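Student: I'd like to ask you about the structure that follows.
Derivation of every value follows stated rules applied to the coordinates shown; laboratory data play no part. Worth saying up front: this structure is predicted, and the values here are computed from it rather than measured. Don't worry about glycine lacking a Cβ; one is built from the backbone with ideal geometry, like all the others, and counts go over all protein chains shown.
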Amino acid sequence: MDDIFSSFFGNGGFGKQRQRNSRPHRGSDIRVNIHLPLEDVFTGSHKKIKYKRNDKCNSCNGHGGDQIKCVQCGGRGILTQLQQTPFGKIQNNVHCSDCQGEGSKTINPCKKCTGKGIFLKEETLEFDIPKGIMDGEILLIKGKGNFFKRGISGDLVVNIVESPHAIFRRNGLDIHQQIKLTYKDLVLGAPVDIETLDGKIRITVKGGTQVGHILRVPNKGLLRGNKRGDMLLEIWLDIPKKIKAEEKNIIKQL
């Protein structure tokens, strides 16, 4: 409703004059992708990156030069216009075209930034990535985006991209792995060495284990905060492509 009345009675609604937005202009965010192997997700990692951004000119403190109050708007950044309508004259506030709504104008432009208030720089930034971070999660680093003239800087948005692993498949904090066992080991049972993210371990597969069965090894998944996932082992049958004649005879006798 306020927007409707503002169009007839000025930006303040019912003839009230709305104050110019006092919040500073904010520069744009910068987005970067960080590709992480699963091992770095497990241990956490420290990253050092380089990227380019518009930073505040330290010579003019981001103002672009010496500032004077805009004469046309009296430093308000807005102008009040009267418009004739079938209902009579109405009042409307618009941005001052002379100072672009800033309320001030630049004189004696800064020589370093040529009046822009910003300069392009290569930023080097170091930060930590916590253990167990998820694919697609973001880290927000405040004030490390682009700077806006006479305003503030945006943020650096770090997007985590988890790289596929040759052996493991992740599901939340759990790690899935397929292991192939011989027919003899499935029938009789056997100790089996398996890979985990923190080294090899030995487990015992019970006799009579079925193909497709899932073995759960507790606390061998990813760590996040005070939570730890499990390792889930999917049992497959290792079928040899070539066998000897005597082996064929043994299989036929089973």
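Student: Sort 34, 214, 49 so that the residue with the fewest other Cβ atoms within 10 Å of its own Cβ comes first and the one with the most comes last. Mind dumping the intermediate values first?
Tutor: On the way: 34 18, 214 9, 49 13.
With the fewest neighbours first, 34, 214, 49 line up as 214, 49, 34.
Student: Rounded to two decimal places and with Rh computed the Kirkwood way over Cα pairs, what is Rg over Rh for the chain? Display every interim value, and only then the final one.
Tutor: On the way: Rg = 33.2 Å, Rh = 24.9 Å.
Value, to two decimals: 1.33.
Student: Related question: Take the residue pairs 220/241; 206/227; 121/149; 52/142; 200/227; 144/227 and return only those whose Cα atoms are more than 23 Å apart.
Tutor: Details: 220/241 33 Å; 206/227 29 Å; 121/149 15 Å; 52/142 16 Å; 200/227 21 Å; 144/227 31 Å.
Where the Cα-Cα span goes over 23 Å, the pairs concerned are 220/241; 206/227; 144/227.
Student: Counting only DSSP beta bridges with both residues in the chain, tell me the antiparallel percent, nearest 5.
Tutor: Numbers: 46 of 61 bridges.
Just about 75 percent of them are antiparallel.
Student: Please order 46, 63 by the number of other Cβ within 10 Å, starting at the fewest. If you can, show how the numbers build up before the last one.
Tutor: Working: 46 9, 63 19.
Sorted ascending by nearby Cβ count, the order is 46, 63.
Student: Between beta-carbons, use under 14 Å as the cut-off and find the net charge around residue 124, counting Lys and Arg +1, Asp and Glu -1. Walk me through the numbers before you get to the answer.
Tutor: Working: positive: 47, 48, 50, 52, 53, 121, 144; negative: 55, 122, 123, 126.
Net local charge, residue 124 excluded: +3.
Student: Which longest uninterrupted range of the chain lacks any chymotrypsin sites (Phe, Trp or Tyr not before Pro) assigned by DSSP to a loop state (not H, G, I, E or B) and surrounded by at most 12 other Cβ atoms within 10 Å?
Tutor: Values: sites that count: 14, 87.
It runs 88-254.
Student: In addition: Which order do 158, 192, 94 fall in if you start with the one that has the fewest other Cβ atoms within 10 Å?
Tutor: Fewest-to-most Cβ neighbours within 10 Å comes out as 94, 192, 158.
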